[in-house]
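Asker: Could you have a look at this structure, given as structure tokens, before my questions?
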Amino acid sequence: MTLFKLENALTAIPIPPDKSNGYEAAAGRFMSARNPRIGAVTVRRWSQILLARCSVLDLGCGHGVPVSQTLIEQGFTIYGVDASRKLVAAFRNRFPDASAECSAVEDSEFFGRTFDGVIAWGLMFLMPPEIQSFVIRKVASALNLGGKVLFTSPKESVKWRDALTDRESISLGTEQYLPC
């Protein structure tokens, strides 16, 4: 094969999508900018409806502050999944006894088990609508009977640019997120 044909063959290889939605590249900025108090009170309140010491899946766990940290402090067993290698490495460093997986949430092997709670703080709207729907169905099948879910997204159906990655974020709106 000539050099020209080899170069053309290499350009034909599709570049896989960044399943971290830009957060691998923005990991350092995210960790330094993330306010460790934003969400902690809400997560603590939500955790009060869960059984003591139960298992919780943190989707888009990032480096674990404040969501996983709050839940671990409350005595829950945490499983974290994030598509950013840098954020998962920081999570594992911070919480060596928690289980963590570097994967896009829609591909997570953690969905092969069940949980008493699933939380997705600041994640859903980063994914395209069809992936959001797919993840919601996976969450529903991964919940134990009586399991609880908490995720964040604007109430309105709206699109905007993510402040750290400048990628499109999409809230489907309350009507679309409510169960049928």
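The values are calculated or read from the model by the stated rules, or taken from the named source; none is laboratory data. Treat the numbers as computed from the prediction; the structure is a model and nothing was measured. When we count neighbours, we look across all protein chains shown, and the Cβ atoms used for this are built from the backbone with ideal geometry, even at glycine.
Asker: Look at segment 168-180 and say how many of its residues are surrounded by fewer than 14 Cβ atoms within 10 Å (Cβ to Cβ) and not in a strand (DSSP E or B). Steps first, please.
Answerer: Of segment 168-180, the ones surrounded by fewer than 14 Cβ atoms within 10 Å (Cβ to Cβ) are 168, 174-176, 178-180.
With not in a strand (DSSP E or B) added as a condition, the list becomes 174-176, 178-180.
The number of residues fulfilling the criteria is 6.
Asker: With (1) out of contact with any Gly (no Cβ under 7 Å at 6 or more places or on another chain); (2) in a loop (DSSP other than H, G, I, E, B) as the list, and G122 as the residue in question, which single condition is left unmet?
Answerer: Of everything listed in (1) out of contact with any Gly (no Cβ under 7 Å at 6 or more places or on another chain); (2) in a loop (DSSP other than H, G, I, E, B), G122 misses just condition (1).
Asker: Give segment 98-150 a look and list any residue that's of a type in the set (D, E) and within 12 Å of the chain's Cα centre (by Cα), or say none.
Answerer: Start the filter on segment 98-150 by keeping residues that are of a type in the set (D, E), which leaves 101, 106-107, 109, 116, 130.
E101, E106, D107, listed by residue number.
Asker: Has segment 108-117 got at least one residue that is farther than 20 Å from N144 by Cβ, out of contact with any Cys (no Cβ under 8 Å at 6 or more places or on another chain) and either of a type outside the set (D, E, K, R) or assigned to a helix (DSSP H, G or I) (or both)? I'd like the intermediate steps shown before the answer.
Answerer: Going residue by residue through segment 108-117, those that are farther than 20 Å from N144 by Cβ are none.
No, there is no match, as no residue in segment 108-117 is farther than 20 Å from N144 by Cβ, out of contact with any Cys (no Cβ under 8 Å at 6 or more places or on another chain) and either of a type outside the set (D, E, K, R) or assigned to a helix (DSSP H, G or I) (or both).
Asker: Say we look at segment 138-160 and pick out the residues that are among the aliphatic types (A, V, I, L, M) and under 25 Å from L71 (Cα atoms); which of these is surrounded by the fewest Cβ atoms within 10 Å (Cβ to Cβ)? Write out each step before concluding.
Answerer: Within segment 138-160, the subset among the aliphatic types (A, V, I, L, M) is 139-140, 142-143, 145, 149-150, 158.
Going one step further and asking which of them are under 25 Å from L71 (Cα atoms), we end up with 139-140, 142-143, 145, 149-150.
Numbers: V139: 21, A140: 12, A142: 18, L143: 16, L145: 6, V149: 17, L150: 19.
The residue in question is L145.
Asker: Are there any pairs with C-beta distances below 8 angstrom linking a residue in segment 135-147 that is at positive phi to a residue that is modelled with pLDDT of 95 or more, with the two at least 6 apart or on different chains, and if so which?
Answerer: G146/D116
Asker: Need the failing condition index for R29 against (1) surrounded by fewer than 16 Cβ atoms within 10 Å (Cβ to Cβ); (2) in contact with a Leu (Cβ under 9 Å, 6 or more places away or on another chain); (3) over 19 Å from S169 (Cα atoms), just the number.
Answerer: (3)
Asker: Here are A104, A90, A98: which of them is touching a residue at least 24 places away in the same chain (Cβ under 8 Å), small (G, A, S), within 14 Å of K19 (Cβ to Cβ) and crowded, with 17+ Cβ neighbours inside 10 Å?
Answerer: On the way: A90 fails: within 14 Å of K19 (Cβ to Cβ); A98 fails: within 14 Å of K19 (Cβ to Cβ).
Going through A104, A90, A98 in turn, just one is touching a residue at least 24 places away in the same chain (Cβ under 8 Å), small (G, A, S), within 14 Å of K19 (Cβ to Cβ) and crowded, with 17+ Cβ neighbours inside 10 Å: A104.
Asker: Please count how many residues of segment 35-88 are modelled with pLDDT of 95 or more, closer than 24 Å to N144 by Cβ and charged (D, E, K, R).
Answerer: Number satisfying all stated conditions: 5.
Asker: Have a look at E73, E101, E106 and point out the one that is out of contact with any strand residue (DSSP E or B) (no Cβ under 6 Å at 6 or more places or on another chain) and within 30 Å of G173 (Cβ to Cβ). Walk me through how you get there before you give the answer.
Answerer: Values: E73 fails: within 30 Å of G173 (Cβ to Cβ); E101 fails: out of contact with any strand residue (DSSP E or B) (no Cβ under 6 Å at 6 or more places or on another chain).
None of the others qualify; the one that does is E106.
Asker: What is the one condition in (1) in contact with a helix residue (DSSP H, G or I) (Cβ under 7 Å, 6 or more places away or on another chain); (2) closer than 24 Å to V65 by Cα; (3) not polar (S, T, N, Q) that A163 does not satisfy?
Answerer: Here A163 meets the rest and fails (1).
Asker: Identify, please: which residue in segment 125-148 is of a type in the set (G, A, S) and part of a helix (DSSP H, G or I) and is, among those, nearest to Q176 (Cα to Cα)? Walk me through it before giving the result.
Answerer: Initially, segment 125-148 is screened for residues of a type in the set (G, A, S), giving 133, 140-142, 146-147.
After this cut, where a residue has to be part of a helix (DSSP H, G or I) as well, the list is 133, 140-142.
Details: S133: 9, A140: 15, S141: 18, A142: 20 Å.
Once the filter is applied, the top-ranked residue is S133.
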